[in-house]
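One structure is given here, and the rest of the page talks about it.
The values are calculated or read from the model by the stated rules, or taken from the named source; none is laboratory data. What you see is a predicted model; the values in this text were computed from it and never measured. So basically every Cβ, Gly included, is an ideal-geometry build from the backbone, and we count neighbours across all protein chains shown. In case anyone asks, the SASA skips ligands and DNA or RNA and just uses the protein heavy atoms, side chains included. Shrake-Rupley method; radii C 1.70, N 1.55, O 1.52, S 1.80 Å.
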Amino acid sequence: PWSKERVSQALARGAHKSCLAHTEFLQEEFGDMIAKSQWVILPASAVEDLPGLRISLPGVVPQRERRPRWICDYSFSGVNSETLPLAALDSMQFGHALDRILREILLADPAMGPVQMLKIDSAMASTG
């Protein structure tokens, strides 16, 4: 578990500087999550003493021809290295996506016709 001092240091460090360039986007994004009852925003003083609390650095990644994407950096803060790998290995399959897609195309049954693909960005689907 993190010490009170480490939690305080993480809170004092704050968000990545990329957030400063996208405050309007973040206000809209967070407001939307709150309106959908997906999030509750609490002051740090209300949670800083919770057992097992870890703080991750938020940031914003600009996207070409799309709205920005906010992220939390679990590696920088050390949260990744302290997280127990309890989920099944197949549950998160983001790595090697191209390899998996090409394999499925290669192994597709030609009797079913040409392979057709559809990419949907579910984050964009909820914007309207």
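Looking at the chain as a GNM with Cα springs under 10 Å, which of Leu102, Leu50, Leu11 has the largest mean-square fluctuation?
Ranking Leu102, Leu50, Leu11 by mean-square fluctuation puts Leu102 first.
Please check: in the Gaussian network model of the chain (C-alpha springs, under 10 Å), which one of Gly113, Gly31, Gly14 has the largest mean-square fluctuation.
Gly113
Report the local net charge at Ser81: Lys and Arg +1, Asp and Glu -1, summed over other residues whose C-beta lies under 15 Å from its C-beta.
Numbers: positive: Arg6, Arg54; negative: Asp73, Glu82.
Around Ser81, the charge tally is 0.
Ranked from the most accessible area to the least, with a 1.4 Å probe and all protein chains present, what is the order of Leu86, Leu42, Leu26? Could the numbers behind the result be given before it?
Details: Leu86 150, Leu42 100, Leu26 20 Å².
Output order, biggest surface exposure first: Leu86, Leu42, Leu26.
How much accessible surface does Val7 have with a 1.4 Å probe, in Å² rounded to 10?
Val7 exposes around 10 Å² with every protein chain in place.
Could you tell me the accessible area of Arg103 in Å² (1.4 Å probe, neighbours in place), rounded to the nearest ten?
140 Å²
Can you list residues whose amide H is under 5 Å from Val60's amide H, if they're 5+ apart or on another chain and H is modeled 1.01 Å from N?
Close amide H contacts, sequence-distant or interchain: Ser18, Cys19, Ile71.
First select every other residue whose beta carbon is under 10 angstrom from the beta carbon of Lys4; then total the charges, Lys and Arg +1, Asp and Glu -1.
Working: positive: Arg6; negative: Glu5, Glu48, Asp49.
With Lys, Arg at +1 and Asp, Glu at -1, the neighbours total -2.
In a shell of Cβ-Cβ distance under 15 Å around Ser18, excluding Ser18 itself, what net charge do Lys and Arg (+1) and Asp and Glu (-1) give? List each step's numbers first, then the result.
Numbers: positive: Arg13, Lys17, Arg67, Arg69; negative: Glu24, Glu29, Asp73.
Around Ser18, the surrounding residues sum to +1.
Suppose every Lys and Arg Cβ carries +1 and every Asp and Glu Cβ carries -1, with no other charges. What dipole size does the chain come out with about its Cα centre, to the nearest 20 debye? Before the final figure, lay out the partial values.
Details: 13 positive and 15 negative charges, 47 e Å.
The calculated dipole for the chain is roughly 220 debye.
Based on the alpha-carbon set only, what is the convex hull volume of the chain divided per residue, in Å³?
Details: hull volume 23.3 nm³, N = 128.
It comes to 182 Å³ per residue, whole-number rounded.
Can you list residues whose amide H is under 5 Å from Ser77's amide H, if they're 5+ apart or on another chain and H is modeled 1.01 Å from N?
Under 5 Å from the amide H of Ser77 lie the amide H atoms of Leu57, each far enough along the sequence or on another chain.
Tell me the mean residue ellipticity at 222 nm calculated for the chain from its helices only (DSSP H runs of n ≥ 4, each -39500 (n - 2.57), averaged over every residue, nearest 500). Don't skip to the answer; put the middle values down first.
Values: 5 runs with 42 residues, N = 128.
Rounded to the nearest 500, the figure is -9000 deg cm²/dmol.
Which of Ala21, Ser37, Trp2 sits farthest toward the positive end of the charge dipole of the chain, with +1 on the Cβ of Lys and Arg and -1 on the Cβ of Asp and Glu?
Towards the positive end, the residue furthest out is Ala21.
For Trp39, what residues show an amide H to amide H distance below 5 Å, using hydrogens built from the backbone and excluding near sequence neighbours?
For Trp39, the qualifying residues are Ile34.
Which helices count as membrane-span-like in the chain under these terms: full DSSP H, at least 20 Å along the axis by C-alpha, Kyte-Doolittle mean of 1.6 or more?
Working: long enough: none.
Sorted by number, there is nothing, because no helix extends far enough and scores high enough.
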